[in-house]
Amino acid sequence: MKGELERQELPRKTPRRVADEWRALRSVTVGNAFTTGEAYAWFGTFLGLFPPFALFTRMLWAAYSGRASVDNAILFWGLLLMLMNAVCCLVGRKMGGLVGRKFGDPRARSLPVLLLCSLLMAVVWGVITGAAGGAVGFLVGAVFGVACAVPVAVAAFPVFALLHHALSRGGMIEEQRLWPLAFGVPLTAAALILSPWIK
């Protein structure tokens, strides 16, 4: 009788969350898998890298396309924009991980709540990342950084959130499913920014 009671109480004493089980099975069944926080950190990294790079490239091209030679002004602005891009990438990663950890398991929410949460996450990510990257441009650039980052984030975050929701299990997403999302959504945004049809 005592042994039977111990067997029944054992699962209660050692509860396991689904995410913990996924972590334990990472190397055995699915290879490498990422938590929601890790997935959003990578997404934030590439969203802070590719769209700003596309925007800065377009700005430099428009400003200096008619010039015959490279001068000091082009080098100065190019280096400044590269520094801003690096800050956007680093802060975007940090903010992506932060909002992703707060978000938790995306499958625990209904689709309307998921979309609403992703829009709120996008605004927070865009304001902080855009302000940090823009502030490198003599501090006044922070306003322009926010104005550029928030629309991109509001467009990209819901797309990533819906795809992540569809492909994740128990708050974890497999590596081979994450990379197309983490690269693909920001690269699509960057391609749209570079598109000649968008003025």
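Brief remarks follow.
- One residue alone among Gly184, Gly145 is of a type outside the set (A, V, I, L, M, F, W, C), in contact (Cβ under 8 Å) with a residue 40 or more places away in the chain and either open to solvent by 40 Å² or more (accessible area, probe 1.4 Å) or touching a helix residue (DSSP H, G or I) at 6+ places or on another chain (Cβ under 9 Å) (or both), and that residue is Gly145.
- If the condition is being over 16 Å from Gly44 (Cα atoms) and polar (S, T, N, Q), then segment 154-191 contributes Ser168, Gln176.
- Total residues in segment 64-84, condition under 24 Å from Thr129 (Cα atoms) and either at pLDDT 90 or above or open to solvent by less than 40 Å² (accessible area, probe 1.4 Å) (or both): 7
- Selection of first residues in segment 111-123 that are among the hydroxyl-bearing types (Ser, Thr, Tyr) and of second residues that are not in a helix (DSSP H, G or I), restricted to Cβ pairs under 7 Å at least 6 apart or on distinct chains, gives an empty result.
- Among the residues listed as Ala135, Ala153, Ala191, the single one being open to solvent by less than 70 Å² (accessible area, probe 1.4 Å) and over 17 Å from the mean Cα position of the chain (by Cα): Ala135
- Hey, Trp61 open to solvent by 30 Å² or more (accessible area, probe 1.4 Å) and at pLDDT 95 or above or not: no
The values are calculated or read from the model by the stated rules, or taken from the named source; none is laboratory data. Owing to the predicted nature of the structure, the values given are computational and were not obtained by experimental measurement. Using ideal geometry, Cβ is built from the backbone for each residue, glycine included, and neighbour counts are taken over all protein chains shown. Keep in mind that these areas ignore ligands, DNA and RNA; they rest on the heavy atoms of the full protein, side chains included. Shrake-Rupley method; radii C 1.70, N 1.55, O 1.52, S 1.80 Å.
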